[in-house]
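Working notes, beginning with the structure itself.
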């Protein structure tokens, strides 16, 4: 059996989580993953330890290691960081993005309306669009932080096709692209932050409907 570097196996596992192949709450075992990926258990063990340290995996009582299912507090924290990091990426992209990168973003945005009813295709396009923004910032350290953040956000299901979110997100993307094209870093950061806040509001509303909220003390 092949023994690839643990970093390669880690990347494959992270991609499987990001793409929903290993969904939140799923129990993972070294034996099953080794069989699935066609590798020995040693790099699997190392990859699991790395992803657990990153917070993508969690030890659940009586279940063992599972793909993390973010709770309300974690979701809030993730979106706070998304606003900060994507805002910084947008400001830098307004300064450093190449014309080819901006043209690629514009091309993706032209395709977006045709996918409003296709959740999987729209989510994939959205990932590509945000990935282009991250690359266009031309800052390797920020990129690393954004990639780690994206891996955690991928634990959450896409809500883009619910309650008109696709249409409003498209308008927010267009506002961001206009600021980037104008090379206006302040406006680009503001647009990216507004987009992240809108996504957070939509996400928290969904969480409230799905999980409910704890009862407050009377008179509190």
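Quick grid of which residues meet (1) part of a helix (DSSP H, G or I); (2) in contact (Cβ under 8 Å) with a residue 40 or more places away in the chain; (3) touching a helix residue (DSSP H, G or I) at 6+ places or on another chain (Cβ under 8 Å):
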site	(1), (2), (3)
146	yes, yes, yes
156	no, yes, yes
177	yes, yes, yes
186	yes, yes, yes
198	yes, no, yes
204	yes, yes, yes
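Just so you know, in the range 14-36 the residues that are assigned to a helix (DSSP H, G or I) and at pLDDT 90 or above include one that is surrounded by the most Cβ atoms within 10 Å (Cβ to Cβ), and it is 33. How many residues, within the range 96-126, are touching a residue at least 40 places away in the same chain (Cβ under 8 Å) and closer than 24 Å to residue 10 by Cα? Total meeting the criteria: 1.
Given the criteria at pLDDT 95 or above and surrounded by fewer than 20 Cβ atoms within 10 Å (Cβ to Cβ), does residue 142 qualify? So residue 142 fits the description; yes.
For the range 128-142, enumerate the residues that are in a helix (DSSP H, G or I) and in contact (Cβ under 8 Å) with a residue 40 or more places away in the chain. Once the filter is applied, which keeps residues that are in a helix (DSSP H, G or I) and in contact (Cβ under 8 Å) with a residue 40 or more places away in the chain, the range 128-142 yields 129, 130, 133, 134, 136, 142.
Taking the criterion of being touching a strand residue (DSSP E or B) at 6+ places or on another chain (Cβ under 6 Å) and not in a helix (DSSP H, G or I), the only residue of the range 43-57 that qualifies is 57. Regarding residue 151, is this residue touching a residue at least 60 places away in the same chain (Cβ under 8 Å) and more than 19 Å from residue 198 (Cα to Cα)? When the stated conditions are applied, residue 151 passes them.
This table checks each residue for (1) surrounded by 16 or more Cβ atoms within 10 Å (Cβ to Cβ); (2) over 26 Å from residue 164 (Cα atoms); (3) out of contact with any strand residue (DSSP E or B) (no Cβ under 7 Å at 6 or more places or on another chain); (4) not assigned by TED's automatic domain parsing to the domain that holds residue 207.
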position	(1), (2), (3), (4)
79	yes, no, yes, no
87	yes, no, yes, no
92	yes, yes, yes, no
100	no, yes, yes, no
107	no, no, yes, no
111	no, no, yes, no
130	yes, no, yes, no
153	yes, no, yes, no
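The values are calculated or read from the model by the stated rules, or taken from the named source; none is laboratory data. These numbers come from a predicted model, not from an experiment. Positions of Cβ are backbone-derived with ideal geometry, glycine not excepted, and every protein chain shown enters the neighbour counts.
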